[in-house]
Structure formats: C-alpha cells, structure tokens
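Notes to accompany the following structure.
The values are calculated or read from the model by the stated rules, or taken from the named source; none is laboratory data. Just so it is clear, the model here is predicted, and its values are computed rather than measured. A quick note on method: Cβ atoms are made from the backbone with ideal geometry, for glycine too, and the neighbour counts reach across all protein chains shown. For the accessible areas, the whole protein counts, side chains as well, though only heavy atoms, and no ligand, DNA or RNA atoms are used. Shrake-Rupley method; radii C 1.70, N 1.55, O 1.52, S 1.80 Å.
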Amino acid sequence: MAQILALSGQLQMNITITLTNAIPKSANMWSSVFFKKNDKGSAKTCAKFRVFALKYDNSTINRLEKLLNLDITPYTDKIIAEYIWIGGSGIDLRSKSRTISRPVEHPSELPKWNYDGSSTGQAPGEDSEVFLYPQAVFKDPFRGGNNILVICDAYTPAGEPIPTNKRYRAAEIFSNPKVFAEVPWYGIEQEYTLLQPNVKWPLGWPVGAYPGPQGPYYCGVGADKSFGRDISDAHYKACLYAGINISGTNGEVLPGQWEFQVGPSVGIAAGDHIWCARYILERITEQAGVVLTLDPKPIEGDWNGAGCHTNFSTKSMREDGGFEVIKKAILNLSLRHKDHISAYGEGNERRLTGKHETASIGTFSWGVANRGCSIRVGRETEKQGKGYLEDRRPASNMDPYIVTSLLAESTLLWEPSPEAEAVAAQKLALNV
Ligand code: ADP
Ligand code: MN
Ligand code: MN
Ligand code: MN
C-alpha cells in the first residue's frame, strides 16, 4: 500500500514501539514491521517495532487494508468488474466498476454498459451516452478473488464506433483472411517515465537540478542509479497475476525511466494486453503517489526519450527464407514512412532526432543490429535467415491498436507500384 516507497526522509516516519505480550494478536495486523529480536532470539515477550508509515497513521492503514483484503467469495457469488476504456485524448484511461452476478471468464458473458461521454471529451452534452462493449477480460490484481478488469471499446447508441475507438478498425484488419493466415506476432517494449508529484520532475532527480549524465542508469542497481524499482516490480507481478503476456522489464537510460515488454502476442491481443498493462501501471503509480508520464521526450536536452519499439513477425518471416519476406516488408514500410510516422504518437518529433538511439524523423533507414535506424533486424534473424523486425519509431504514447494494425496493413495488404518498389529497393539496398 502506501508503504511501497520511502521516497525521501521527509515522508518516512520512524517510530519505535515496545509491546509486551501483545504479539500474537497484533502481528498479522502490522504489515510493515521489523522484529528486533531480544537476546534470547525470542520475540514473544518484548519486541521493538520500527514502523514505516506514509500519509496515514498505521491504525488507519490497518483498518483500510483489512477491508480491501476482505475475501467475499464465502458470502456471495457476485464479483466486481472494472470496465476500462480510452478517453477523449486517445491516451488517457478511464474506468468504473459494476457488480456482476457470478464469476465470468469471457467478455461475451458480460453486459454492455454506458458512460457520460461529455465528461471525457467524447460526446456532446445533449446526447452524452457512449456505449462500452466488453472485449477482453483479465484478473484484477487489486481486488483479487474472482474480480476482473475488462478492456472495452466505445460506440454511439446507434452502434457506430466513436472516433477514438481505434480497436474497431484494428480488429477489422486482423480478421482479414490474408492477415489472419499470417498469424502476426507483436512484442511491444513500453517505456515510461516516473515523475515526482507536484514538481513533475523525474523520480530520483534533485528538484530544480539534474543528476549526473546518462551511462550508469540503464539496467543499473543501487540507490544512486535506480529509481522506482518497487513500482516496476509491483507492476510485473500484477501483470502476471492478471494474465497479461508480459515478457520482461528493465531500468532505462534516463534515470527514473523504465521499460516492460509484452509479447509475442497475436493480433488484436497485443493491443488489449498493452492497454491493460498501462492501466495497471496507472493504478500502481496512483497508490505510490508517483506520476506516470508516457511523453516521448519528458526532459529536453541530452537525455533519452521514451519509445514503444514494436517487434513484428508474420508466419512467413518466422519460416525458412523469412529474411527475404522481412526485406520486402521493410521495403513497403519505407514507402509508407510518412503514414506510419503520423500514426506513431504525439510529440514524437521531439524524440526522433537522430540522437539517443533514434533515427531522425524525416528519413527512413534500416540495418542489422543498428539502433540508430528506423527498423532494426537482429543479428540472430540475419544468421538464421528468419525471425522478426523491430520498428523503433513508435513513441511511448502510441496507440498499440493503431501501430500493430498499421504494420499488418502496410506489409500484408498494401502493395506499392512496381516503379516505386524498384526505386526504393535500389535506395535501401534491398534486393528482393
Ligand atoms: P531490445 O533488445 O530491443 O531491448 P526486448 O528484449 O526489450 O528488445 O524486446 C523484444 C520483444 O520482442 C519481446 O517482447 C519479445 O517477446 C518480442 N519477440 C521475440 N520474438 C519475436 C517475434 N518473432 N515476433 C515478434 N516479437 C518477438
Ligand atoms: Mn527493450
Ligand atoms: Mn528500451
Ligand atoms: Mn528495442
């Protein structure tokens, strides 16, 4: 709970309490205590507790925790479903809860619902109802039990997808027989930056000043190199519990920045899983009193931005001879560079400068093992002659429904003219 982080000395209270003969009754109520054993190694008769408390006094935390952890399953079949949707900015997440009469496993078992779209910038006040259609179900790591998180998309009362419903179009592309047959896999590397509340300056940075230059922080350990590990770790476990296909995490180059990876996931599931993982991250940072930002360049200057590299492969790319298919895909992507850039996140021009492991926004490039390219192919893929490509252009605030479906569309459904293809092949040294 509130004890996850001891951000600074100011927020941390050290209380030493001596209890006599009181351990059995109260031990399970003190969630964050350290027993100081007496000389005989026994904590039964006398113990000193060092208690870390943020915001509340401990009796309040204990009483709230007891209620939050209540197991309701012996008393009712009912569960709580948290309906989650994307708000009017296209990047903000919203959610509200409702009671469902019994445990469910599939979104089709859940009712549609609605919300006030005029409060999220998604409908006019005089006709404000927007409808939520349940699309994916995850276990709720916050409420536990049979309670669930439900990823929804949004429709008008007439059943039309609203403009911010990017899932609808993506699902159409993924159900195209040509795309479906190629079983597109996505591995998405979501980078994010943690900020101190109020000052909105990265976690671990001195307020109004800068830390030492980048270098020691990437995958770093130690109090002067790693800031926010508890959040990253809590998120990792919560995602695994929820059923999200999370594949790893790491500390990033910019201090206070982290990454988690989701995948490989097939088709529309990649977007559902990333959105749910983002939701869980917002909830965890909310609990910790830390602000999450997906801004692609949170700090101007000689500091890395935040991206959302999207690793992509099709069945043909993963089979023998796949490198040729990958090259053809890169060729198509080069010819649609502008369309992709315009769909890869707001403010990405501040990040794609050609520095800090990025390729500049105006030029398309590809290379094997080159992190300064738009598209990177791994050494292993080159060696095996099959595998996947990494699109390094998407910003951390991209919409995974748009990026994943656009990659499928540009490489599996779209065809350039033979003339354009010949010119591009020569320019990029892609002889396919
Ligand atoms: P990087 O070396 O760029 O930091 P990461 O290890 O962070 O790469 O992420 C690579 C991602 O690519 C992982 O999520 C992984 O599951 C995914 N991936 C692996 N193989 C494939 C594949 N064939 N197709 C699509 N994604 C893949
Ligand atoms: Mn990575
Ligand atoms: Mn990274
Ligand atoms: Mn990467």
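A few comments on the model shown:
- Any strands (runs of 3 or more DSSP E) falling wholly within segment 107-195 and containing at least 2 residues that are in contact (Cβ under 8 Å) with a residue 60 or more places away in the chain: 129-139, 148-155, 185-195
- 3 or more residues open to solvent by less than 30 Å² (accessible area, probe 1.4 Å) and modelled with pLDDT of 95 or more: qualifying helices (runs of 4 or more DSSP H) within segment 343-432: 400-408
- Filter result (away from ligand 2 (no atom under 16 Å from the Cβ) and hydrophobic (A, V, I, L, M, F, W, C)) within segment 299-319: 299, 303, 317
- The set of residues in segment 376-393 being within 25 Å of the chain's Cα centre (by Cα) and within 16 Å of residue 185 (Cβ to Cβ) consists of 377, 378, 387, 388, 389, 390, 391.
- Search result, residues across segment 303-328 that are in a helix (DSSP H, G or I) and of a type in the set (Ser, Thr, Tyr): 316
For (1) within 13 Å of ligand 3 (Cβ to nearest atom); (2) among the basic types (Lys, Arg); (3) under 20 Å from residue 303 (Cβ atoms), each residue gets a yes or a no:
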site	(1), (2), (3)
207	no, no, yes
211	no, no, yes
222	no, no, yes
237	no, yes, no
242	no, no, no
255	no, no, yes
263	no, no, no
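- Candidates 260, 227 - the one that is within 14 Å of ligand 1 (Cβ to nearest atom) and surrounded by 19 or more Cβ atoms within 10 Å (Cβ to Cβ): 260
- Cβ pairs under 7 Å, 6+ apart, first in segment 350-379 and over 20 Å from residue 397 (Cβ atoms) and without any contact (Cβ under 8 Å) to a residue 24 or more places away in the chain, second open to solvent by 50 Å² or more (accessible area, probe 1.4 Å) and part of a loop (DSSP other than H, G, I, E, B): 371/357; 372/357; 376/370
- If you filter segment 230-275 down to residues that are over 14 Å from the mean Cα position of the chain (by Cα) and within 18 Å of residue 286 (Cβ to Cβ), you find that the one that is farthest from ligand 2 (Cβ to nearest atom) is 241.
- Being open to solvent by 30 Å² or more (accessible area, probe 1.4 Å), away from ligand 1 (no atom under 16 Å from the Cβ) and outside any loop (DSSP other than H, G, I, E, B) holds for only one residue in 286, 300, and it is 286.
- Check on residue 199, within 25 Å of the chain's Cα centre (by Cα) and aliphatic (A, V, I, L, M): yes
- Of the residues 82, 105, 126, the single one that is among the charged types (D, E, K, R) and open to solvent by less than 40 Å² (accessible area, probe 1.4 Å) is 82.
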